[in-house]
Amino acid sequence: MCYGISIYLSESHSFNKNWVEKAAKNGFQYIFTSLHIPEEAEVNFIKQVKSLGKMAAEAHMEVMADVSPASLRRLGLSFTELPSIADWGISGLRLDYGFTAKQIAWLSHSLKIGLNASTTDEEQLKELLDEGLQTNQAEAWHNFYPKPFTGISRQSLKERNSLFHRYGIKTMGFIQGDDRLRGPLYEGLPTIEDHRNVTPIDAALELRELGTDKVCVGDLNLTDQTLKEFCSLMDGTVPLYVELNEGYEHFYKLIHTNRMDAAQYVIRSVESRGMELLYDQEAHNSETFKKGSITVDNKLYGRYAGELQICLEDLPANPNMNVAGYVREESLSMLKWVGSGQKFVLHKK
């Protein structure tokens, strides 16, 4: 997976510079910007685009810019001059409405091209290929949807991803931020409508599950805590916020791996059984281990002793297992992403 951020030229230079530097430091690799958003009509585009290109180069990040024919006029460029935008530090262009298949295919020989993944159908895609589109220079970018209840469904995104993957083209989807949301509606900028009310990390994991190759934060920024979560995700690890009981604090910050033969009802840590720690039986009054309960097998469980598990749903309590802690409410939705062979880490809030 590859992760990116969005930069809006109407924001101050200092705000954008700080966000680019912070995102780059936390592993984000590319920038999306739009050159035809109505709210940005007063922006000095040539100066701002060149400034963004320089900023991105210093942070070693690529820039993909959303353009329309109107954008070209504001940039003072003709279509045939578009390849020169690479000299401004722009890596590629997402060509929205107003361009022909022949133009898009021609441009793919000199710049990375972003197709509209949400609206381009197979017939149009075949026309682009017939005109000479370079698939190794093309990506398919979904839209984001500022207005509530206008985003697409999970199934629609999955089907669109499958279409482009059949032709060797990677896809990108947007997730909303969780710090400053972008106006004028301030309702988040996701691709999937149901992601409007979930955490950015949860949305990113679902986009991955649905076959999306790249994830971009549509809004203005992320909290520092969420940035740390994305650092874990970029390392291939699902972050879980938990509370561990006294005597089990050593499980914090360790990298665990769910077994390849993933169990239906629990997550089983491969690493915990190699720690060779034996635990005496501890009394617990509950008849049920609730979903999110973190258990460790005590020495009554014989060869299983020491194994850490996380309950994926309510299960009958077992005297051979000690309660080591619990997954916090905000991380319960993340458990479904800890599948076969998936690494995870237990963080203290």
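Quick note: the coordinates plus some simple rules give every number you see, no bench work behind them. Here the structure is a predicted model, which is why all the values come from computation and not from measurement. Glycine also receives a Cβ, built like all others from the backbone with ideal geometry; neighbour counts cover every protein chain displayed.
Would you mind getting me the FRET efficiency between residue 275 and residue 22? Use the beta-carbon distance for r and R0 = 30 Å, nearest 0.05. Please list the in-between numbers first.
Details: r = 36 Å, r/R0 = 1.19.
Step by step, r from the Cβ atoms, then E = 0.25.
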For this session: Normalising by the residue count of the chain, find the relative contact order in percent from Cα pairs under 8 Å and 6+ residues apart.
Result: 13
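Looking at region 236-294, which GluC sites (Glu not before Pro) are in a loop (DSSP not H, G, I, E or B) and have at most 13 other Cβ atoms within 10 Å? Before the final figure, lay out the partial values.
Values: sites: 243, 246, 249, 271, 276, 282, 287; in loops: 246, 276, 282, 287.
Hits after loop and neighbour filter: 246, 276, 287.
Chymotrypsin sites (Phe, Trp or Tyr not before Pro), restricted to region 136-217: which are DSSP loop and have at most 12 other Cβ atoms within 10 Å? Display every interim value, and only then the final one.
Numbers: sites: 141, 144, 149, 164, 167, 174, 186; in loops: 144, 149, 167, 186.
Sparse-neighbourhood loop chymotrypsin sites (Phe, Trp or Tyr not before Pro): 149, 186.
Mind checking the full-extension length gain between residue 154 and residue 290? Use 0.36 nm per residue of separation minus the Cα-Cα distance, one decimal, nm.
On the way: separation 136, 0.36 × 136 = 48.96 nm, distance 2.89 nm.
Extra length available between residue 154 and residue 290 comes to 46.1 nm.
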Exercise. What is the distance, in nm, between label points placed 7 Å from the Cα along the Cα-to-Cβ direction at residue 197 and at residue 329?
Worked result: 1.5
Problem set entry | Alpha-carbon centroid distance for the pair region 91-166 / region 182-240, whole angstrom | 21
Exercise. Is the shape of region 13-101 best called rounded, prolate or oblate, per the rule: a/c under 1.5 gives rounded, else a/b larger than b/c gives prolate, else oblate, with a ≥ b ≥ c the square roots of the Cα gyration tensor eigenvalues?
Worked result: prolate
Exercise. Taking the Cα atoms only, what angle lies between the long axis of helix 200-209 and the longest principal axis of the chain, rounded to 10 degrees?
Worked result: 80
Exercise. Which Rg and Dmax, in Å, describe the Cα atoms of region 79-170?
Worked result: 13.7, 39
For this session: Give me the angle, in degrees from 0 to 90, between the Cα long axis of helix 45-59 and the longest principal axis of the Cα atoms of the chain, rounded to the nearest 10.
Result: 40
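What does the extension gain come out to for residue 135 and residue 12, with contour length at 0.36 nm per residue minus their alpha carbon separation?
Details: separation 123, 0.36 × 123 = 44.28 nm, distance 3.56 nm.
Using 0.36 nm per residue and subtracting the Cα-Cα distance, I get 40.7 nm.
Counting DSSP beta bridges in the chain, what percent are antiparallel, to the nearest 5? Don't skip to the answer; put the middle values down first.
Working: 20 of 58 bridges.
Expressed as a percentage, antiparallel bridges in the chain total about 35.
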Problem set entry | Calculated FRET value between residue 110 and residue 320, using beta carbons and R₀ = 56 Å, to 0.05 | 0.30
Problem set entry | Other-chain or far-sequence residues with amide H under 5 Å of residue 188's (modelled H) | 182
For this session: First measure r as the distance between the Cβ atoms of residue 245 and residue 180, then evaluate 1/(1 + (r/R0)^6) with R0 = 30 Å and state the FRET efficiency to the nearest 0.05.
Result: 0.20
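Are there chymotrypsin sites (Phe, Trp or Tyr not before Pro) in region 59-104 that DSSP marks as loop and that have at most 13 other Cβ atoms within 10 Å, and which are they?
On the way: sites: 79, 88, 97, 99; in loops: 97, 99.
When the chymotrypsin sites (Phe, Trp or Tyr not before Pro) of region 59-104 are filtered for loop state and at most 13 Cβ neighbours within 10 Å, 97 remain.
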Problem set entry | region 240-348 - percent relative contact order, Cα under 8 Å, separation 6 or more | 41
Exercise. Which whole-angstrom value gives the distance between the alpha carbon centres of region 1-23 and region 273-349?
Worked result: 40
Exercise. Label points 7 Å out from Cα along the Cβ direction at residue 282 and residue 87: separation in nm?
Worked result: 6.7
For this session: Compute from the Cα atoms of region 240-348 the Rg and the Dmax, the latter being the longest Cα-Cα distance, and quote both in angstrom.
Result: 12.5, 34
Seminar exercise, completed: Site residue 252, offset 7 angstrom along Cα→Cβ, radius 20 Å on amide nitrogen, limited to region 335-349, gives 344-349
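Which value, in Å to one decimal place, does the Kirkwood hydrodynamic radius take for region 2-235 when every pair of different Cα atoms is included?
Values: mean 1/r = 0.0563 Å⁻¹.
Taking every pair of different Cα atoms in region 2-235, averaging 1/r and inverting gives 17.8 Å.
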Seminar exercise, completed: For the chain, longest principal axis from Cα atoms; helix 224-234 axis from its Cα atoms; angle between them, nearest 10 degrees, is 90
Problem set entry | Within straight-line cross-link reach of residue 126, lysines at Cα separation under 21 Å, skipping those fewer than 8 residues along the same chain | 102, 112, 158, 170
